[in-house]
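Below: the structure, in structure tokens.
The values are calculated or read from the model by the stated rules, or taken from the named source; none is laboratory data. All of these numbers come straight from a predicted model, not from anything done at the bench. Cβ coordinates were reconstructed from backbone atoms using ideal geometry, including for glycine residues, and neighbour counts include every protein chain displayed. Surface accessibility is based on the protein's heavy atoms, side chains included, excluding ligands, DNA and RNA. Shrake-Rupley method; radii C 1.70, N 1.55, O 1.52, S 1.80 Å.
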Amino acid sequence: MKKYYFLLLLLSLSTLGMLRAQKIDNLIELKRQSQNRLFHQLGKAINTPAFESEGYWSWGSSVVKGDDGKYHMFVSRFPKSLPFHPGWMVASEIVHAVSDVPQGPYRFSEVALPARGAQYWDGRSTHNPRILKYNHKYYLIYMGSTHPFTDPTYEQLTLDSPWCTVARSNKRIGLAVADSPYGPWKRLDEPILKTKPNTFFSFLTSNPSPIVQEDGSVLMIFKGRKYLDNEKYSNMALGIAYAPSIEGPYTVLNDEQPIFQVDGQGEAEDPFLWKDKEEYHVIFKDHVAKYTGERGGGVMAHSRDGINWTVDKDPKAYSKTVEWEDGTIARQGQLERPFILFEDGKPTFIFFATMDGLGEFENGTRSWNMVIPLK
């Protein structure tokens, strides 16, 4: 009987080994054969977290090279005394971390945008940072929110709780300015992109991804939701806004219609926008697996004018299954908020917010910011 169980164990281990090998071969082969310019160039993810904060959930990041020659990361974090989702809506803060090299690890420096009181539009939460450097100044474009309640406990904070309901509806996009990445940061008392009745962004604006163009103007992709008659709010949609300068004013283009939506191209979020000599490009999270066949995988699209977009002929830009530098391949619980670092006009690294625990956010026990070199 013991011999039988021993053989059964060997067979199980052998089967698992073959499945794992097949999984590895499939991912590597997919990357090798891919015609997608990003997916094909993904290197092996660096095992050491680019940023992680003890006692905190950490999420999306954005990086810029400073005048001091160092690399400066702006990243969201919020206490693990709250559930990950929706803890970020009510208690996130944007912090500044520094590294001598682009891939990190980044060392915590200070809190850049802390809580500043419920009376401010961003008084209780700052999130989704995008750092821009232009004309010797530093600009943080981010999502902020507020609520009038006392701080919730872990058990009180649920998706149906008053904290989440109010904080979600108060999400707006704003701006902070500084002469140094170390601050101090001057925060505007009004959002730069508010909601507007009878539009796809009547409920909230969030997830900003801006670029500064040659003439100093800004083009920014953002996420919006609208109020519905019979439901609380709509599915996610992506829109495009323009401003003659970073400080605004911002105008939503395309006749205030979305450029990606659930009834058209498919529900999407977490956009990252960039521009080269040819055209505009964006990668975003394939929220419903419409393009890549992978829920949460990455999609790439291109545009000549920033309004009319064509999905790449080989759309898969990244996968939640990651090849690590130590030779392992693992499927991440979450892989979101992509950010590509460009140096001398060339993409060098892509950063992601990631989490363990397959499935939904409540299965995660740890989150960090990871980085993948681009070959």
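Sub-6 Å Cβ pairs linking a first residue in region 68-84 that is over 30 Å from Lys137 (Cβ atoms) and surrounded by fewer than 17 Cβ atoms within 10 Å (Cβ to Cβ) to a second residue that is of a type in the set (Phe, Trp, Tyr) and modelled with pLDDT of 95 or more, at least 6 apart or interchain, are Pro79/Tyr56, ordered by first then second residue. Scanning region 143-165 for residues that are part of a helix (DSSP H, G or I) and touching a helix residue (DSSP H, G or I) at 6+ places or on another chain (Cβ under 9 Å), we see that the one that is surrounded by the most Cβ atoms within 10 Å (Cβ to Cβ) is Trp163. Scanning region 254-285 for residues that are of a type outside the set (S, T, N, Q), farther than 30 Å from Asp344 by Cβ and in a loop (DSSP other than H, G, I, E, B) gives Pro258, Val262, Asp263, Gly264, Gly266, Glu267. Taking each residue of region 139-153 that is within 14 Å of Ser81 (Cβ to Cβ) and looking for partners that are of a type in the set (Ser, Thr, Tyr) and surrounded by 15 or more Cβ atoms within 10 Å (Cβ to Cβ) with beta-carbon atoms closer than 7 Å, six or more apart or interchain, yields Pro152/Ser161. Could you pull out every one of the strands (runs of 3 or more DSSP E) wholly within region 297-372 that has 2 or more residues that are farther than 24 Å from Phe74 by Cα and open to solvent by 50 Å² or more (accessible area, probe 1.4 Å)? Result: 309-318.
If you scan region 174-197, which residues turn out to be in contact (Cβ under 8 Å) with a residue 60 or more places away in the chain, hydrophobic (A, V, I, L, M, F, W, C) and not in a loop (DSSP other than H, G, I, E, B)? Across region 174-197, the qualifying residues are Leu175, Ala176, Val177.
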